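*Asks:* Got a structure for you, questions after.
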Amino acid sequence: MIVKSVVEIEYLKKANRIIAELFEILKKYIKPGITTKELDKIIEDYILSKGGVPSFKGYSPGKHYKPYPASSCISVNEEVIHGIPGDRVLKDGDIVSIDIGTNLSGYYGDAAYTYTVGENVSLDKQRLVNDTYLALMKAIEVAKEGSYLNEIGKAISFFLTPRGYGIVRDYCGHGVGKSLHEEPPVLNYYDPKRKGPKLKKGMVLAIEPMITLGTYKVKTLDDGWTVVTLDGKPAAHWEHSIVITDGEPIILSVI
Ligand code: MF3
Ligand code: CO
């Protein structure tokens, strides 16, 4: 696990800032009728205009995976993560999570945001989106120097499980820095047997709860990437990259 210097944290802040700006810009485009491919183009163009590189494009977690083909992951309703932008048209009542990765001067930004589309989103879906965001904030609250890593997953699951949500277990958050995925894995559920390490000032973590309105079980579609809920129920995904301090963490992926 790598502790970052003040200078490195400045670079990470810049890489994440591009994403935070995009999440604001995208608000006016997330409307019924737009395709996920059009959104991906806006994202790619903006990252390039800021001198960054869309880091998901061409990314492959191992040689058995085909390289990821787009600049963002756009996952609608039952799609949990890694939705490939394409001809899918957003409809009134959808929820859509947008996960963006940047690389700026060798440092990675990584964050995700779940939007509601139009005026007729069901209360269940609105609650899912809001509660997933609140769970991320609860996790960020406990992520400080001296806490054990598993307090993050504990905060998420103690908030969401009593409310009846499914917590996806097959994917998790991660350290982030000069690589998109660094040690340690950051679980979204509580495992009392995987306590540590203790968090240290200067560690940078991407915390990313993936939460469903039904089962926590997921599967990957034949495109090799798109992860969907096994029961077809909607899912939300929020992610922030944060720096551990001895007080409140610094959230990098905000403006
Ligand atoms: N934000 C995701 C992650 O942290 C997305 C990476 S998958 C990619 O793992 F292929 F799109 F890059
Ligand atoms: Co991530």
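The values are calculated or read from the model by the stated rules, or taken from the named source; none is laboratory data. Since the structure is predicted, the reported quantities are computational estimates derived from the model, not experimental observations. Every residue, glycine as well, gets a Cβ built from its backbone with ideal geometry; the counts of neighbours run over all protein chains shown.
*Asks:* Of these, 10, 38, which one is under 24 Å from residue 226 (Cβ atoms) and over 16 Å from the mean Cα position of the chain (by Cα)?
*Replies:* Numbers: 10 fails: under 24 Å from residue 226 (Cβ atoms).
It is 38.
*Asks:* Suppose we filter 83, 101, 109 for residues that are in contact with a helix residue (DSSP H, G or I) (Cβ under 6 Å, 6 or more places away or on another chain), within 16 Å of ligand 2 (Cβ to nearest atom) and either part of a loop (DSSP other than H, G, I, E, B) or of a type outside the set (Asp, Glu) (or both); which single one remains? Please lay out each step first, then the result.
*Replies:* Working: 83 fails: in contact with a helix residue (DSSP H, G or I) (Cβ under 6 Å, 6 or more places away or on another chain); 101 fails: in contact with a helix residue (DSSP H, G or I) (Cβ under 6 Å, 6 or more places away or on another chain).
Of the residues listed, the single one that is in contact with a helix residue (DSSP H, G or I) (Cβ under 6 Å, 6 or more places away or on another chain), within 16 Å of ligand 2 (Cβ to nearest atom) and either part of a loop (DSSP other than H, G, I, E, B) or of a type outside the set (Asp, Glu) (or both) is 109.
*Asks:* Which of the following residues is within 18 Å of residue 253 (Cα to Cα) and surrounded by fewer than 20 Cβ atoms within 10 Å (Cβ to Cβ): 7, 89, 3?
*Replies:* On the way: 89 fails: within 18 Å of residue 253 (Cα to Cα); 3 fails: within 18 Å of residue 253 (Cα to Cα).
Step by step, each of 7, 89, 3 is checked, and only 7 is within 18 Å of residue 253 (Cα to Cα) and surrounded by fewer than 20 Cβ atoms within 10 Å (Cβ to Cβ).
*Asks:* Quick check on the stretch 193-205. Is at least one of its residues within 14 Å of the chain's Cα centre (by Cα), at pLDDT 95 or above and within 16 Å of ligand 2 (Cβ to nearest atom)?
*Replies:* In the first step, residues of the stretch 193-205 are kept if they are within 14 Å of the chain's Cα centre (by Cα); the result is 205.
Within this subset, residues satisfying the condition of being at pLDDT 95 or above are 205.
Retained after the next criterion (residues that are within 16 Å of ligand 2 (Cβ to nearest atom)): 205.
For the stretch 193-205, residues within 14 Å of the chain's Cα centre (by Cα), at pLDDT 95 or above and within 16 Å of ligand 2 (Cβ to nearest atom): present.
*Asks:* From 101, 146, 106, grab the single residue that is out of contact with any Pro (no Cβ under 8 Å at 6 or more places or on another chain) and either among the basic types (Lys, Arg) or farther than 25 Å from residue 195 by Cα (or both).
*Replies:* Values: 101 fails: out of contact with any Pro (no Cβ under 8 Å at 6 or more places or on another chain); 146 fails: either among the basic types (Lys, Arg) or farther than 25 Å from residue 195 by Cα (or both).
Within the list 101, 146, 106, the selection yields 106.
*Asks:* Within the stretch 146-184, restricting attention to residues that are in a loop (DSSP other than H, G, I, E, B), away from ligand 2 (no atom under 15 Å from the Cβ) and closer than 14 Å to residue 132 by Cβ, which residue is farthest from the chain's Cα centre (by Cα)?
*Replies:* My answer is 164.
For (1) without any contact (Cβ under 8 Å) to a residue 40 or more places away in the chain; (2) assigned to a loop (DSSP other than H, G, I, E, B); (3) basic (Lys, Arg), each residue gets a yes or a no:
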site: 21; (1), (2), (3): no, no, no
site: 31; (1), (2), (3): no, yes, yes
site: 51; (1), (2), (3): no, yes, no
site: 59; (1), (2), (3): no, yes, no
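*Asks:* Scan the stretch 199-255 for residues that are more than 14 Å from ligand 1 (Cβ to nearest atom), closer than 30 Å to residue 14 by Cβ, outside any loop (DSSP other than H, G, I, E, B) and hydroxyl-bearing (Ser, Thr, Tyr) and report the count.
*Replies:* 0
*Asks:* Look at the stretch 1-19 and say how many of its residues are without any contact (Cβ under 8 Å) to a residue 12 or more places away in the chain and among the small types (Gly, Ala, Ser). Break it down into steps so the answer makes sense when it comes.
*Replies:* First pass over the stretch 1-19, keeping only residues without any contact (Cβ under 8 Å) to a residue 12 or more places away in the chain: 6-7, 10.
Subsequent filtering for residues that are among the small types (Gly, Ala, Ser) retains none.
Final tally of qualifying residues: 0.
*Asks:* Let me ask another. How many of the residues in the stretch 147-158 are touching a strand residue (DSSP E or B) at 6+ places or on another chain (Cβ under 7 Å) and either touching a residue at least 60 places away in the same chain (Cβ under 8 Å) or aromatic (Phe, Trp, Tyr) (or both)?
*Replies:* Number satisfying all stated conditions: 1.
One line per residue, one yes/no per condition, for (1) touching a residue at least 60 places away in the same chain (Cβ under 8 Å); (2) of a type in the set (A, V, I, L, M):
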site: 87; (1), (2): no, no
site: 90; (1), (2): yes, yes
site: 100; (1), (2): yes, yes
site: 125; (1), (2): yes, no
site: 134; (1), (2): no, yes
site: 160; (1), (2): no, yes
site: 171; (1), (2): yes, no
site: 179; (1), (2): yes, no
site: 182; (1), (2): yes, no
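*Asks:* Here's something else I'd like to know. Pick from the stretch 198-219 the residues that are in contact with a helix residue (DSSP H, G or I) (Cβ under 6 Å, 6 or more places away or on another chain) and farther than 16 Å from residue 174 by Cα: which of them is surrounded by the fewest Cβ atoms within 10 Å (Cβ to Cβ)?
*Replies:* Residue satisfying both the conditions and the ranking: 213.
*Asks:* Another question, if that's okay. Run down 74, 47 and say which single residue is within 16 Å of ligand 1 (Cβ to nearest atom) and in a strand (DSSP E or B). Quick ask: steps written out before the conclusion?
*Replies:* Values: 47 fails: in a strand (DSSP E or B).
Only one candidate passes the filter, namely 74.
*Asks:* List, please: which pairs have Cβ atoms under 8 Å, are six or more places apart or on different chains, and start with a residue in the stretch 229-242 that is within 16 Å of ligand 2 (Cβ to nearest atom) and end with one that is among the aliphatic types (A, V, I, L, M) and assigned to a loop (DSSP other than H, G, I, E, B)?
*Replies:* Qualifying pairs under 8 Å: 235/168; 235/213; 240/252; 240/254; 241/176; 241/252; 242/143; 242/252.
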